[in-house]
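Rule-based calculations on the coordinates, nothing more; no lab input. Nothing here was measured: the structure is a model prediction, and the numbers come from that model. Cβ coordinates were reconstructed from backbone atoms using ideal geometry, including for glycine residues, and neighbour counts include every protein chain displayed.
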């Protein structure tokens with residue numbers, strides 16, 4: 001929903017077709033109608049969110065059951081929602097990190113695919129912590145996608161469980 005998102009530029013560099021559908025000024029239902037039309041036209045199998053700061057409706061989630069992936073800059077279920085890095089820093093945790101999860105109708109509540117841990121240093125600020133978490137996000141997201149696309153998996157509660165490799 002943000003045409004200036006760095007991920008779109010990176011995808012374009014790699015020859016991946018992209019489309020940005022700005023959400024500003026649109027009701028959620030209207031924006032999602034445009035999104036669904038574009039996604040169905042492109043015949044996508046997976047929807048990968050990054051920096052998408054809107055909750056998806058249950059109807060949108062149902063259109064791609066267990067096929068919407070999101071990344072969150074905290075070790076869920078701790079610190080869901082906005083400004084997670086600041087929440088973690090203010091709480092005084094000693095470790096934080098990022099979580100890649102399947103999207104359900106809740107806020108950062110879907111089954112967890114991958115998590116990566118980042119130490120919270122005594123001299124950290126919310127900004128320095130966020131920068132180190134972002135480095136791990138760039139590792140975790142491709143790792144999660146690779147696992148979901150190449151391994152058999154199922155959901156147990158809030159966990160995605162992968163079959164052992166042969």
Degrees, to the nearest 10: 28-41 long Cα axis against longest axis of the chain = 70
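Any idea what the relative contact order of segment 48-162 is, in percent, if you count C-alpha pairs under 8 Å spaced at least 6 apart?
Values: 186 pairs, mean separation 27.3, N = 115.
That works out to 24 percent.
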Contour excess over end-to-end distance, with Cα ends at residue 139 and residue 156 and 0.36 nm allotted per residue | 3.7 nm
So if we plug the beta-carbon distance of residue 62 and residue 91 into 1/(1 + (r/R0)^6) with R0 = 41 Å, what FRET efficiency do we get, rounded to 0.05?
-> 0.75
Based on the Kirkwood radius over alpha-carbon pairs, what value in µm²/s does the Stokes-Einstein equation return for the translational diffusion coefficient of the chain at 25 °C and 0.890 mPa s?
-> 145
To the nearest 0.05, what FRET efficiency results for residue 164 and residue 42 with a Förster distance of 35 Å applied to their C-beta separation?
-> 0.55
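Tell me, in nm to one decimal, what length is gained between residue 128 and residue 147 on full extension, where the rule is 0.36 nm per residue of separation less the Cα-Cα distance?
Stretched fully, the residue 128-residue 147 segment lengthens by 3.9 nm.
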Virtual paramagnetic centre 7 Å along Cα→Cβ of residue 30, amide N under 20 Å, in segment 64-97 | none
In deg cm²/dmol, rounded to 500, what helix-only [θ] at 222 nm does the chain give when every DSSP H run of at least 4 residues adds -39500 (n - 2.57) and the total is split over its residues?
-> -11500 deg cm²/dmol
Would you kindly compute the Cα radius of gyration of segment 1-44 and its largest Cα-Cα separation (Dmax), both in Å?
-> 11.3, 32
In what sequence do 69, 14 fall when counting other Cβ within 10 Å, fewest first?
-> 14, 69
